[in-house]
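Below: the structure, in C-alpha cells.
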Amino acid sequence: MFFYLAIIILNICRLSASKELLDLGWGFDNRTIFWPGQTPLYFTKEETVYLKGFSYSFKEFCVAEHGGTHFDAPYHFHQSGWKVGDVPLSRLFAKGAFLNMEEEHLKMGRDTRLKVKDLENWETRNGKFSENSVLLVKFGRSKFWQNRTLYLDLEGETMHFPGLSKEAAQWIANSKKIIGVGVDTPSIDPGNSTDYIAHRILAENSLYNLENVKLLTDLPETGFDLVVAPMKIEEGTGAAVRIFAIVNN
Ligand SMILES: *[C@@H]1O[C@H](CO)[C@@H](O)[C@H](O)[C@H]1NC(C)=O
Ligand SMILES: *[C@@H]1O[C@H](CO)[C@@H](O)[C@H](O)[C@H]1NC(C)=O
Ligand SMILES: *[C@@H]1O[C@H](CO)[C@@H](O)[C@H](O)[C@H]1NC(C)=O
Ligand SMILES: [Zn+2]
C-alpha cells in the first residue's frame with residue numbers, strides 16, 4: 001500500500017517538475033480593454049442574501065463578446081462559418097507554436113505586418129508546423145495592457161497596432177496545419193485596417209482567432225500544448241476565453 005502511494009507521489013512530483021502551466025488570459029475587471037464602442041463587463045445585478053446562519057451571493061453580468069482576452073469564431077467574419085458552440089472540441093486542444101515579433105515591431109514601428117517570410121523562417125528553425133497548431137504571435141503589446149491609450153495607440157478614430165498581412169493570413173490558411181491564430185493585440189488585422197482581410201481569410205478557412213492574449217514572457221517556439229476554452233455561447237460570434245499553455249521543460 002505504502003509502496004503504491006510512494007509511486008503515485010513520485011509521479012505527481014515528476015509531473016509538476018517537468019511541466020509548466022501558464023495562464024495566457026487577462027482578467028475581466030474595470031480596466032479590461034474593449035474595442036471602442038463595445039460594452040465592457042459590468043454587473044447588472046449584485047446581491048447577497050442573508051439567511052439564518054449563512055448567506056449566499058450572486059451576480060448577473062453584461063459584456064460584449066469581443067473584448068478582453070477573447071475568441072473569434074469563424075462566423076464572426078463568415079456567414080456559413082462555425083459559431084462558438086460549433087467549434088469541434090478537438091480544435092480546442094492544440095499544439096502550440098510561438099513566434100516572437102517584438103524586435104521586428106520595434107524596428108518597423110506601429111504598423112508592423114507579419115510577413116510570409118517570418119512564417120517561412122519559423123519553419124526553417126523548427127520544421128513544418130504540426131497538425132492542429134495554434135500560432136501565437138507576440139508583438140510585445142502586452143506590456144501596455146495597463147494603459148489603454150498606449151495599448152490601442154489611438155490617433156483620432158484610427159488605432160495603430162501591428163497585425164497579419166493579407167499574404168501571411170493566406171499562407172496560414174493554406175498550410176492546413178494551423179487551426180487558430182492568437183495575438184497580443186486587440187485584433188489579428190492591423191489597427192488601421194478597414195477591410196479586415198486577415199479575419200476574412202482565416203474565417204473562410206474555419207480558423208479561429210485569439211485576441212488580447214497575455215504574452216508577457218516568451219514561450220518555446222514549438223513543443224508545447226494549448227487548451228483554448230471559450231465560454232460556450234452556442235450562437236456566439238465570439239466569447240471570453242481561457243487559454244492555458246502546458247510547457248514541457
Ligand atoms: C475598479 O475596481 C476597483 C476594485 O473593485 C475599485 O477599487 C475601483 O474604484 C474601480 N475603478 C473604477 C474607475 O470604477
Ligand atoms: C498612458 O500613456 C500616456 C502616453 O504615454 C500617458 O500620457 C498617460 O498618462 C498614461 N496613463 C496612465 C493612466 O498611466
Ligand atoms: C495602414 O498603415 C500602413 C503602413 O503605414 C499603410 O501602408 C496602409 O495603407 C494603411 N492602411 C489604411 C487603410 O490606412
Ligand atoms: Zn474579436
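Only the coordinates and a few stated rules stand behind these numbers; no lab work does. From a predicted model like this one, the values you see are computed outputs, not experimental measurements. A quick note on method: Cβ atoms are made from the backbone with ideal geometry, for glycine too, and the neighbour counts reach across all protein chains shown.
Annotations for the structure displayed:
- Given (1) in a helix (DSSP H, G or I); (2) within 16 Å of ligand 4 (Cβ to nearest atom); (3) more than 25 Å from LYS138 (Cα to Cα), index of the condition HIS76 fails: (3)
- Any hit, region 234-246, residues being surrounded by fewer than 16 Cβ atoms within 10 Å (Cβ to Cβ), aliphatic (A, V, I, L, M) and part of a strand (DSSP E or B): yes
- Matching residues in region 157-212 - criterion: being touching a strand residue (DSSP E or B) at 6+ places or on another chain (Cβ under 7 Å), more than 11 Å from ligand 3 (Cβ to nearest atom) and charged (D, E, K, R): LYS177, ASP184, GLU211
- For the residues VAL183, VAL213, VAL247, the requirement of being more than 16 Å from ligand 1 (Cβ to nearest atom) and farther than 20 Å from ILE33 by Cβ singles out VAL247.
- Hey, PHE71 touching a residue at least 24 places away in the same chain (Cβ under 8 Å) and under 15 Å from LEU215 (Cβ atoms) or not: no
- In region 135-153, the residues that are within 13 Å of LEU114 (Cβ to Cβ) form Cβ pairs under 6 Å with partners that are away from ligand 4 (no atom under 16 Å from the Cβ) and of a type in the set (Phe, Trp, Tyr), at six or more places apart or across chains, as follows: LEU136/PHE98.
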